[in-house]
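Contents: one structure, followed by commentary.
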Amino acid sequence: MKRAGQKVVAGTEAPGMSQTSKKQKTSLYGSGFGESDLCTSMDWGSLPHHVILRVFQFLTLVDRARASSVCRRWNEVFHIPDLWRRFEFELSQPATSYLKSTHPDLIQQIIKRHADHLQYVSFKVDSSTESAEAACDILSQLVNCSIKTLGLISTAKPSFMNVSKAHFASALTVVFVNSKSLSSIKIDDTPLDDPSLKVLVANNSDTLKLLKMSSCPHVSPAGILCVADQCHGLKELALNYYILSDELLLALSSEKHVDLEHLRIDVVSENPGQVQFHTIKKQSWDALVKHSPKVNIVMYFFLYEDEFDVFFREETPVTHLYFGRAVSKAMLGRIGMNCPRLIELVVCANGLQPLDDELIQIAERCKNLTAMGLGECEVTCRGFIEFVKMCGGRLTQLSIMEEVLIPDSDYSLDRLHLEVSKHLGRMWFPDMMPTW
């Protein structure tokens, strides 16, 4: 048999073939018994359970169900608990969604036969309220579950927000009360409320490690304080800025609390020009970093320029900054002055004023900076090269659109990529705008 990339000469064996391999080959293919005959005569129904199980884990749900009808042995494997520990329910309305919905009969079979096996569960719903309500109905039936991970995902607009708060809270309560081993919960854009969090904490305080609950308007600072005070193993937390407070940071910094690894904060303008953002004291940030010195503080900003006033006026230990809308030169200047722990900076847009001075200041003061991305901004080639020269090889990610860079008397775009590559220690080119 000829293998790709290997030349087989008549009368010789492939290089490196041992005597044992030769004997095995003779026993299998001797007397005219070829490899194709072996495949034809193999009884696929006699494969060990663990082999069939491994194959099933790579199949789509539809193919897995079809394979279960091949023979009795494969059908037995189809119902092994290990195959149903991880499951994603896809719920959609066929007239309005591209999602392929999980068949209702299969959902009922899972609830009937495998609810107590489910450990890693997510619900992916389209933009319809009906799909979100269906997800809540399924949650309400998981009374014998021992779920460890729960995710509620809206693929378009946040459809869970259209479900009545009572219906949603009732469904979550079933899982929170019966699981008692939840370690990871991702329920952004939902009508989660403080009473639901108290139920969660009362039943899962010893196991909860990750809680993502951005854009949950019914949760108050008191609700998240309850989590911070009692879930001492919490490692990752994601929430909106309006919930963040000095009291919360101090609660996360208490001696009984373990080290927090990730704190994600979404700063979003719900009502442009009508929200006055509060200030977090430097002492509160310092307490958190002193208690959890390796914590990553990630902030996503979706504000208008006149709403940034309260941020970064004094030292802030943020490590990752993402600006989804335009941000002023003055704001970027403050980041260079007051964000010494900064690791990654992504600026979607700025305007038509070159950011040379601001980038150089960031390079000077942010000694941990390893990743930079610039969208609709302007930087002279000379200023950009100076920035890269100061950062050097520690810039592991550098994504700059070609349109951002302004040629000057010293550097053209052709020369720029060579100069930047030299300082980075690897070949680098600016990103190109797609032509399609």
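On the given criteria, is residue 116 of a type in the set (D, E, K, R) and not in a helix (DSSP H, G or I)?
Taking the combined requirement at face value, the residue satisfies it.
Can you tell me which of 382, 394 is over 19 Å from residue 326 (Cα atoms), assigned by the TED database to the domain that holds residue 417, over 28 Å from the mean Cα position of the chain (by Cα) and at pLDDT below 95? Full working, then the answer.
Working: 394 fails: over 28 Å from the mean Cα position of the chain (by Cα).
Just one listed residue meets the conditions, 382.
Examine region 200-215 for a residue that is open to solvent by 10 Å² or more (accessible area, probe 1.4 Å), within 28 Å of residue 138 (Cα to Cα) and touching a helix residue (DSSP H, G or I) at 6+ places or on another chain (Cβ under 7 Å), and state whether such a residue exists. Write out each step before concluding.
Taking region 200-215 first, the residues open to solvent by 10 Å² or more (accessible area, probe 1.4 Å) are 202-203, 205-207, 209-210, 212, 215.
Filter once more, so that each one left must be within 28 Å of residue 138 (Cα to Cα): 202-203, 205-207, 209-210, 212, 215.
If we keep only those that are touching a helix residue (DSSP H, G or I) at 6+ places or on another chain (Cβ under 7 Å) too, we end up with 203, 205.
Within region 200-215 (the criterion being open to solvent by 10 Å² or more (accessible area, probe 1.4 Å), within 28 Å of residue 138 (Cα to Cα) and touching a helix residue (DSSP H, G or I) at 6+ places or on another chain (Cβ under 7 Å)), the answer is yes, since at least one residue qualifies.
Limited to region 159-185, what total is found for residues that are in contact (Cβ under 8 Å) with a residue 40 or more places away in the chain and either buried (at least 18 other Cβ atoms within 10 Å of the Cβ) or in contact with a strand residue (DSSP E or B) (Cβ under 9 Å, 6 or more places away or on another chain) (or both)? So that I can check it myself, show each step before the final result.
Pass one, region 159-185, residues in contact (Cβ under 8 Å) with a residue 40 or more places away in the chain: 165.
The next check asks that each one be either buried (at least 18 other Cβ atoms within 10 Å of the Cβ) or in contact with a strand residue (DSSP E or B) (Cβ under 9 Å, 6 or more places away or on another chain) (or both); those that pass are none.
Summing the residues that are in contact (Cβ under 8 Å) with a residue 40 or more places away in the chain and either buried (at least 18 other Cβ atoms within 10 Å of the Cβ) or in contact with a strand residue (DSSP E or B) (Cβ under 9 Å, 6 or more places away or on another chain) (or both) in region 159-185 gives 0.
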Would region 91-106 turn up any residue that is closer than 30 Å to residue 137 by Cβ, modelled with pLDDT of 75 or more, among the aliphatic types (A, V, I, L, M) and touching a helix residue (DSSP H, G or I) at 6+ places or on another chain (Cβ under 6 Å)?
yes
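Restricting to region 316-351, what's the tally of residues that are aliphatic (A, V, I, L, M), closer than 18 Å to residue 306 by Cβ and part of a loop (DSSP other than H, G, I, E, B)? Spell out the reasoning first.
Of region 316-351, the ones aliphatic (A, V, I, L, M) are 318, 321, 326-327, 330-332, 335, 337, 342-343, 345-347, 349.
Okay, now just the ones that are also closer than 18 Å to residue 306 by Cβ, so 326-327, 330-332, 335, 347, 349.
Right, trim to part of a loop (DSSP other than H, G, I, E, B) and you get 327.
So the count comes out to 1.
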Please work out which one of (1) more than 28 Å from the chain's Cα centre (by Cα); (2) open to solvent by 10 Å² or more (accessible area, probe 1.4 Å) is the condition residue 420 fails and give its number.
(2)
Which residues, taken from region 332-344, are crowded, with 21+ Cβ neighbours inside 10 Å and either charged (D, E, K, R) or more than 17 Å from residue 396 (Cβ to Cβ) (or both)?
332, 335, 336, 339
Taking region 230-254 and keeping only residues that are more than 22 Å from residue 281 (Cβ to Cβ) and of a type in the set (Gly, Ala, Ser), one is left with 233
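So, residue 258, is that one part of a loop (DSSP other than H, G, I, E, B), surrounded by fewer than 19 Cβ atoms within 10 Å (Cβ to Cβ) and of a type in the set (Val, Ile, Thr) or not? Spell out how you get there, then give the answer.
Values: part of a loop (DSSP other than H, G, I, E, B): yes; surrounded by fewer than 19 Cβ atoms within 10 Å (Cβ to Cβ): yes; of a type in the set (Val, Ile, Thr): yes.
The answer is yes for residue 258.
Across region 345-396, which residue is farthest from residue 312 (Cα to Cα) among those that are acidic (Asp, Glu) and open to solvent by less than 40 Å² (accessible area, probe 1.4 Å)? Give the derivation first.
Our first condition is that a residue be acidic (Asp, Glu); within region 345-396, this holds for 356-358, 364, 376, 378, 386.
Then keep just the ones that are open to solvent by less than 40 Å² (accessible area, probe 1.4 Å); that gives 356, 358.
Details: 356: 20, 358: 14 Å.
It comes out as 356.
Given the condition under 25 Å from the mean Cα position of the chain (by Cα), open to solvent by less than 20 Å² (accessible area, probe 1.4 Å) and within 25 Å of residue 226 (Cα to Cα), answer yes or no: does some residue in region 98-115 qualify?
Step one: filter region 98-115 for residues under 25 Å from the mean Cα position of the chain (by Cα), giving 98-102.
Okay, now just the ones that are also open to solvent by less than 20 Å² (accessible area, probe 1.4 Å), so 102.
Now narrow it down to the ones that are within 25 Å of residue 226 (Cα to Cα): none.
So far as region 98-115 goes, no, none of its residues is under 25 Å from the mean Cα position of the chain (by Cα), open to solvent by less than 20 Å² (accessible area, probe 1.4 Å) and within 25 Å of residue 226 (Cα to Cα).
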Got a number for residues in region 216-231 being surrounded by 19 or more Cβ atoms within 10 Å (Cβ to Cβ) and over 17 Å from residue 251 (Cβ atoms)?
1
Quick one: residue 60 ticks every box in (1) within 27 Å of the chain's Cα centre (by Cα); (2) in the same structural domain as residue 208 (by the TED database) except a single one, so which number is it?
(2)
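Determine, yes or no, whether residue 237 is more than 16 Å from residue 311 (Cβ to Cβ) and open to solvent by less than 30 Å² (accessible area, probe 1.4 Å). Talk me through it step by step, then tell me what you get.
Values: more than 16 Å from residue 311 (Cβ to Cβ): yes; open to solvent by less than 30 Å² (accessible area, probe 1.4 Å): yes.
Yes: the conditions hold for residue 237.
Residue by residue, here is whether (1) of a type outside the set (A, V, I, L, M, F, W, C); (2) in contact with a Phe, Trp or Tyr (Cβ under 8 Å, 6 or more places away or on another chain) holds:
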{"residue": "210", "(1), (2)": "no, no"}
{"residue": "219", "(1), (2)": "no, no"}
{"residue": "222", "(1), (2)": "no, no"}
{"residue": "247", "(1), (2)": "yes, no"}
{"residue": "257", "(1), (2)": "yes, no"}
{"residue": "264", "(1), (2)": "yes, yes"}
Residues 118, 197: which one is crowded, with 21+ Cβ neighbours inside 10 Å, under 25 Å from residue 235 (Cα atoms), in contact with a Cys (Cβ under 8 Å, 6 or more places away or on another chain) and at pLDDT below 90?
118
All but one of (1) open to solvent by less than 80 Å² (accessible area, probe 1.4 Å); (2) in a loop (DSSP other than H, G, I, E, B); (3) closer than 21 Å to residue 221 by Cα hold for residue 285; state the number of the condition that does not hold.
(2)
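The values are calculated or read from the model by the stated rules, or taken from the named source; none is laboratory data. Computed from a prediction, not measured in an experiment: that's the story for all the values here. Methodologically, a virtual Cβ is constructed for each residue, glycine included, from the backbone with ideal geometry; neighbour enumeration extends over all protein chains shown. Accessible surface is based on the protein model in full, side chains and every heavy atom, while ligands, DNA and RNA are left aside. Shrake-Rupley method; radii C 1.70, N 1.55, O 1.52, S 1.80 Å.
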